[in-house]
Amino acid sequence: MPKGRPAASVPITAEQRVELESWSRRPKTAQALAMRSRVILLAGDGHNNKSIARQLSTTAQTVGKWRRRFLCDGCDGLLDEPRPGTSRRLSDKQVEFVLARTLESQPGAATHWSTRDMAKACGLSQSSISRIWRAFSLAPHRAETFKLSRDPLFIEKVRDIVGLYLDPPDRALVLCVDEKSQIQALDRTAPLLPMRPGQIERRTHDYARHGTTSLFAALDTRSGELIGQTQRRHRSVEFRSFLDTLEKNVPTEFDVHLILDNYGTHKTQLIRDWLAKRPRFHLHFTPTSASWLNLVERWFALLTEKQLRRAVHRSSKELETAIRNYIQHHNKNPKPFLWHKTADQILDSVARFCKRTLDSGH
């Protein structure tokens, strides 16, 4: 473009303007494309290169480049061109062969493929196998476990408990109750080596045991507060003692709905007699092998992660003190766990999983 001559307005059709305005409003992604779109929109309004460069904090040369690209190729001219690099070496048939062999076969003397074994079997490099697996999110070295409940009342119990989470009764408390039993007081056989720049914390793999304790806990689903009690043993006597603690801490004008698992200590004659004298307490049992329905299990996971797994306790009393301190810290600023899925969504998901399991042929 000759110097000294004002740049002509760039012609923009109505369709192009809509697309450019959409690109220019990108809040986070594709900011380079957003800037180029603003350049063309300002050029379409009659601004010259210097004025556009000043408004967008760029150079007049950059503005001229994208004006020329837009005049030649329209909106497509603002997109990034393919960058130079090596051409693709693997064909679609080779990729398909690797995927089929990964999903449908096993190596001769192992339960799963490794990148080196697959590379030898397919005549490709290990890095090629790694790229293919990453592209299709395959990880033969990893495995997860699952457990399907065989409770004959699975559907009824899921609807009952999820209904308490999503639509709790008026003037009632919903408490998720469970026990974390046999928590070990562990002491490492050598002092911990603390974290330092370039070095993570280190500890010995072996340890000494200094007793155990059990935690009885009730999580308020509405407020997120937790009522906890540590006991040295885990019997119906201790569970009744914990129920007495709950009764003291719950206002008498509220009904109490307890979500429990099917452990034997929850169903003894001692507990049934206690409940018969207190009709405001109602029990709701989770399905067999479905403890994931009990929200207090998520709180137990936080306790293990933040307090127990890496801690050192030289006695069961020291362990119990640490647990009580964690409960007090949690209750200072409690945050409830929010249940999002409806019972129908959960049952549909289980049905799809069961169908996949039956159709797998195993």
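With the condition kept exactly as written, say whether any residue in region 185-199 is surrounded by 15 or more Cβ atoms within 10 Å (Cβ to Cβ), under 29 Å from Val162 (Cα atoms) and of a type in the set (A, V, I, L, M, F, W, C).
No, because not a single residue in region 185-199 is surrounded by 15 or more Cβ atoms within 10 Å (Cβ to Cβ), under 29 Å from Val162 (Cα atoms) and of a type in the set (A, V, I, L, M, F, W, C).
Looking at region 22-53, which of its residues are part of a helix (DSSP H, G or I) and loosely packed, with under 13 Cβ neighbours inside 10 Å?
Ser22, Gln31, Ala32
Of (1) within 28 Å of the chain's Cα centre (by Cα); (2) touching a residue at least 24 places away in the same chain (Cβ under 8 Å), Arg134 satisfies all except one. Which?
Exception for Arg134: condition (2).
Among the residues in region 188-206, are any in a strand (DSSP E or B), touching a His at 6+ places or on another chain (Cβ under 7 Å) and at negative phi?
Of region 188-206, the ones in a strand (DSSP E or B) are 188, 193, 196, 199, 202.
From what is left, the residues that are touching a His at 6+ places or on another chain (Cβ under 7 Å) are none.
Checked region 188-206: no residue is in a strand (DSSP E or B), touching a His at 6+ places or on another chain (Cβ under 7 Å) and at negative phi.
Each row is one residue, and each column tells you yes or no for (1) out of contact with any Pro (no Cβ under 6 Å at 6 or more places or on another chain); (2) closer than 16 Å to Ala218 by Cβ; (3) small (Gly, Ala, Ser); (4) free of Cβ contacts under 8 Å to residues at least 60 places away in the same chain.
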position: Glu247; (1), (2), (3), (4): yes, yes, no, yes
position: Glu253; (1), (2), (3), (4): yes, no, no, no
position: Asn294; (1), (2), (3), (4): yes, yes, no, no
position: Leu302; (1), (2), (3), (4): yes, yes, no, yes
position: Lys306; (1), (2), (3), (4): yes, no, no, yes
position: Ala322; (1), (2), (3), (4): yes, no, yes, yes
position: Asn325; (1), (2), (3), (4): yes, no, no, yes
position: His330; (1), (2), (3), (4): yes, yes, no, no
position: Ala351; (1), (2), (3), (4): yes, no, yes, yes
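Checking Leu275 against (1) open to solvent by less than 40 Å² (accessible area, probe 1.4 Å); (2) touching a residue at least 60 places away in the same chain (Cβ under 8 Å); (3) more than 22 Å from Ala185 (Cα to Cα); (4) of a type outside the set (Gly, Ala, Ser), which single condition isn't satisfied?
(2)
Would you point out the residue of region 200-223, among those that are among the β-branched types (Val, Ile, Thr) and surrounded by 14 or more Cβ atoms within 10 Å (Cβ to Cβ), that is nearest to Asp255 (Cα to Cα)? Steps first, please.
Of the residues in region 200-223, the ones among the β-branched types (Val, Ile, Thr) are 200, 204, 212-213, 221.
Of the ones still in play, those that are also surrounded by 14 or more Cβ atoms within 10 Å (Cβ to Cβ) are 212-213, 221.
On the way: Thr212: 34, Thr213: 30, Thr221: 14 Å.
Among residues in region 200-223 that are among the β-branched types (Val, Ile, Thr) and surrounded by 14 or more Cβ atoms within 10 Å (Cβ to Cβ), the one nearest to Asp255 (Cα to Cα) is Thr221.
Would you kindly identify the helices (runs of 4 or more DSSP H) lying entirely within region 285-362 that contain at least 3 residues that are surrounded by 13 or more Cβ atoms within 10 Å (Cβ to Cβ) and touching a His at 6+ places or on another chain (Cβ under 8 Å)?
Result: 316-332.
Which pairs have Cβ atoms under 8 Å, sit 6 or more apart or on different chains, and link a residue in region 145-172 that is under 20 Å from Leu246 (Cβ atoms) to one that is open to solvent by 40 Å² or more (accessible area, probe 1.4 Å)?
Close Cβ pairs satisfying both conditions: Tyr165/Trp339; Pro168/Arg222; Pro169/Asp255; Arg171/Glu253; Arg171/Phe254; Arg171/Asp255; Ala172/Phe254; Ala172/Asp255.
Hey, among Phe146, Phe97, which residue is of a type in the set (Phe, Trp, Tyr), in contact with a Cys (Cβ under 9 Å, 6 or more places away or on another chain) and either at pLDDT 95 or above or open to solvent by 80 Å² or more (accessible area, probe 1.4 Å) (or both)?
Phe97
In region 151-184, which residues are in a helix (DSSP H, G or I) and not aromatic (Phe, Trp, Tyr)?
Within region 151-184, Ile155, Glu156, Lys157, Val158, Arg159, Asp160, Ile161, Val162, Gly163, Leu164, Leu166 meet the criteria.
From the list Leu215, Leu260, Leu219, which residue is in contact (Cβ under 8 Å) with a residue 40 or more places away in the chain, under 29 Å from the mean Cα position of the chain (by Cα) and farther than 30 Å from Arg314 by Cα?
None of the other options fit; the residue is Leu260.
Considering only residues that are over 37 Å from the mean Cα position of the chain (by Cα) and either modelled with pLDDT of 85 or more or closer than 16 Å to Ser24 by Cβ (or both), which ones fall in region 77-89?
Within region 77-89, Gly77, Leu78 meet the criteria.
If a residue has to be within 21 Å of Pro336 (Cβ to Cβ), assigned to a loop (DSSP other than H, G, I, E, B) and open to solvent by 40 Å² or more (accessible area, probe 1.4 Å) to count, how many in region 224-252 make the cut?
Total satisfying the criteria: 2.
The values are calculated or read from the model by the stated rules, or taken from the named source; none is laboratory data. Bear in mind the structure is a predicted one, so any value in this text is a computation, not a measurement. All Cβ positions, even for glycine, are placed from backbone atoms using ideal geometry, and neighbour counts span all protein chains on display. All accessible areas refer to the heavy atoms of the entire protein, side chains included, with ligands and DNA or RNA removed. Shrake-Rupley method; radii C 1.70, N 1.55, O 1.52, S 1.80 Å.
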